[in-house]
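Down below is the structure, laid out as structure tokens.
The values are calculated or read from the model by the stated rules, or taken from the named source; none is laboratory data. Here the structure is a predicted model, which means the values were calculated and not measured. All Cβ positions, glycine included, derive from the backbone under ideal geometry; neighbour counts span all protein chains shown.
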Amino acid sequence: MSANHDDRHHSPDPHGRALRLGVGGPVGSGKTALVAALCRTLGPVLRLGVVTNDIYTTEDADFLRRAGVLDPERIVAVQTGCCPHTAIRDDIAANIDAVETLEERFGPLDLVIVESGGDNLTATFSRGLADQQIFVLDVSGGDKVPRKGGPGVTSADLLVINKTDLAKHVGADLTVMSRDAAAVRDGKPVLFTSIREVPEVYSVAEWVHGVVQSWAHTQAHHPHGPVVPTANA
Amino acid sequence: MDAALLLLADSRLPAGGHAHSGGAEQAVRAGAITGTEDLARFLRGRLATTGLVTAALSAAACHLAVLLGSHGEDGGRPWTEPSAAAAAESETDARAAWRELDAEADARTASPAQRYAARTQGRLLLRSGRRIWPSPVLDTLAQAVPDGVHHPIALGAVAAAAGCSRHDAAMAAAYTSITGPATAAVRLLGLDPVVVHRVLAGLVPDLSGVARTATAAASGTVEAGVAARGTAAEAVLRIAWEELPAHAAPALDLLAEQHLRTEVRLFVS
Ligand SMILES: Nc1nc2c(ncn2[C@@H]2O[C@H](COP(=O)(O)OP(=O)(O)O)[C@@H](O)[C@H]2O)c(=O)[nH]1
Ligand SMILES: [Mg+2]
């Protein structure tokens, strides 16, 4: 380890850094709505930062800034050059840069949320970027989606199935979705939400709060952090 | 050629390059690139200007990194001294040398939008490069220019850390100066990727020429500086970097400025 404290390129020591939470899922499923809801509900208890990966514009970042759920400066937008998926999985450099910039500017933080630009069912976050990830589906895509699986549905730490208020309009059977999701997820949690009806999304907020606490606990009890290569290793 | 060059020049290198179009996105929007023929002209122009300049800066940075990196090795270098004070002094000199070279890159980049893009890319490349090829020279560079060094400087330094030659560094810079925009045009216009690769293949002689010219220019500049002065530590601070190529591409500068002011865009640059 180097002792150069002025070195802003140095990857923060895993000891004590914020939990990085990826929020992925298809376009329109409610990722930005969920991020806004989490900021609203957890903002008073956790020190937060948000990175958005907009596809064309800074739409999501602007929406979140306008929503007034978080200090606008704590919301950073990353451009992904036609490849939202690449930016969260294969070449995470710009996202890491954004996360570290937030931590340097506003740190210490408890939680940095990275919203993906939205992609297909195979889009997951690299473990080099996200410590935990939520995959957001909505019921309007039909109740077959969980059965189709894909890495997002099967491997995300939490699967959120949003827009339950629309289920009756699209003929989606939530029991089928719940059963199919459980079958491919090997016991990992699934939560049903209607951000429209319950804008505080208490259930998801509680899950996120839990993982932030256990992250902080792990870090405190492993003072040298997990064995990951750092910039000066 | 060192095999590490393949890793360095690969578009899969996780260093943020995929989000940059090198002006291609704005050129497409402006109607300057509509198909493969326009694209070929755009790439040829880019290679002869920005491509050559960045290749020379990259070769120069590689050279500088090797000179600074030999500090402390058994080479009987004049500035290899054991005392802590001397080490600190040479570290200060090294940082100053990097800042000078970075300022040369700034001087060759008229558009603030391009400076921003080049520094962003350089910062990401250096961050990834330091984890892939850890080296004290890269640490010094990061500390010298903490907000992000120009991309070709980062590329040359990382090339040195990876064991590449100056010529490799120049080649990597020249190559990425055209492959980035070419890939972006494939994505933006739905061009036939095979035809675009044929265009790139047609530019191979130009690529080789640019890399050769750039390497010769960088080597001449550095060697003249090092030969003329007393100790090498002083010499690196007095290299006449201004003699490096400085071809300008005003159209690219304008495209970059327009791009930054466009609301709907997929690429950072
Ligand atoms: N009916 C309904 N609409 C929702 C719900 N959650 C989000 N939306 C709407 O779905 C649209 C897309 O949401 P957004 O968060 O932008 O999706 P993203 O592309 O995944 O970020 C917006 O118009 C939201 O207002 C919900 O629970 N029910
Ligand atoms: Mg969104």
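Odds and ends about this structure:
- Of all residues in the stretch B:181-216, those satisfying the criterion of being surrounded by fewer than 24 Cβ atoms within 10 Å (Cβ to Cβ) and of a type in the set (Gly, Ala, Ser) are B:Gly190, B:Ala201, B:Gly202, B:Ser208, B:Gly209, B:Ala216.
- Selected residue (criterion: nearest to the other protein chains (Cβ to nearest Cβ)) from residues of the stretch B:146-174 that are surrounded by fewer than 24 Cβ atoms within 10 Å (Cβ to Cβ) and within 23 Å of B:Thr109 (Cα to Cα): B:Pro146
- B:Leu200 vs. criteria part of a loop (DSSP other than H, G, I, E, B) and over 17 Å from B:Ala15 (Cα atoms): no
- Checking A:Gly117, A:Gly81 one by one, the residue that is out of contact with any Gly (no Cβ under 7 Å at 6 or more places or on another chain), within 14 Å of chain B (Cβ to nearest Cβ) and within 16 Å of ligand 1 (Cβ to nearest atom) is A:Gly117 and no other.
- Single unsatisfied condition, A:Val99 versus (1) among the β-branched types (Val, Ile, Thr); (2) within 14 Å of another protein chain (Cβ to nearest Cβ); (3) without any contact (Cβ under 8 Å) to a residue 40 or more places away in the chain: (3)
- Residue ID - farthest from A:Val136 (Cα to Cα), chosen from residues in the stretch A:179-189 that are outside any loop (DSSP other than H, G, I, E, B) and basic (Lys, Arg): A:Arg179
- Filter result (within 15 Å of ligand 1 (Cβ to nearest atom), closer than 13 Å to A:Gly24 by Cβ and not in a strand (DSSP E or B)) within the stretch A:125-150: A:Phe125
Conditions (1) closer than 30 Å to B:Leu255 by Cα; (2) in contact (Cβ under 8 Å) with a residue 12 or more places away in the chain; (3) surrounded by fewer than 16 Cβ atoms within 10 Å (Cβ to Cβ), marked per residue:
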{"site": "B:Ser83", "(1), (2), (3)": "no, no, yes"}
{"site": "B:Ala86", "(1), (2), (3)": "no, no, yes"}
{"site": "B:Trp98", "(1), (2), (3)": "yes, yes, no"}
{"site": "B:Leu138", "(1), (2), (3)": "no, yes, no"}
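- Residue match in the stretch A:190-206 (condition: assigned to a loop (DSSP other than H, G, I, E, B), away from ligand 1 (no atom under 15 Å from the Cβ) and touching a residue at least 12 places away in the same chain (Cβ under 8 Å)): no
- The numbered conditions (1) more than 24 Å from B:Thr183 (Cβ to Cβ); (2) more than 16 Å from ligand 2 (Cβ to nearest atom); (3) among the basic types (Lys, Arg); (4) out of contact with any strand residue (DSSP E or B) (no Cβ under 7 Å at 6 or more places or on another chain) are all true for A:Arg74 except (4).
- For the stretch A:95-129, filtering for residues that are within 16 Å of ligand 2 (Cβ to nearest atom) and among the aliphatic types (A, V, I, L, M) leaves 4.
- Test: residue in the stretch A:52-64 that is of a type in the set (Phe, Trp, Tyr) and modelled with pLDDT under 95: yes
- Every pair of residues 6+ apart whose Cβ atoms lie under 7 Å, when the first sits in the stretch A:109-137 and is under 23 Å from A:Phe63 (Cα atoms) while the second is among the basic types (Lys, Arg) and in a strand (DSSP E or B): A:Val112/A:Arg20; A:Val114/A:Arg20; A:Ala130/A:Arg20
- Within the stretch A:25-61, the set of residues being hydrophobic (A, V, I, L, M, F, W, C), within 14 Å of chain B (Cβ to nearest Cβ), part of a loop (DSSP other than H, G, I, E, B) and more than 11 Å from ligand 2 (Cβ to nearest atom) is empty.
- Subset of the stretch B:14-26 (residues that are part of a loop (DSSP other than H, G, I, E, B) and more than 8 Å from every other protein chain (Cβ to nearest Cβ)): B:Gly22, B:Gly23
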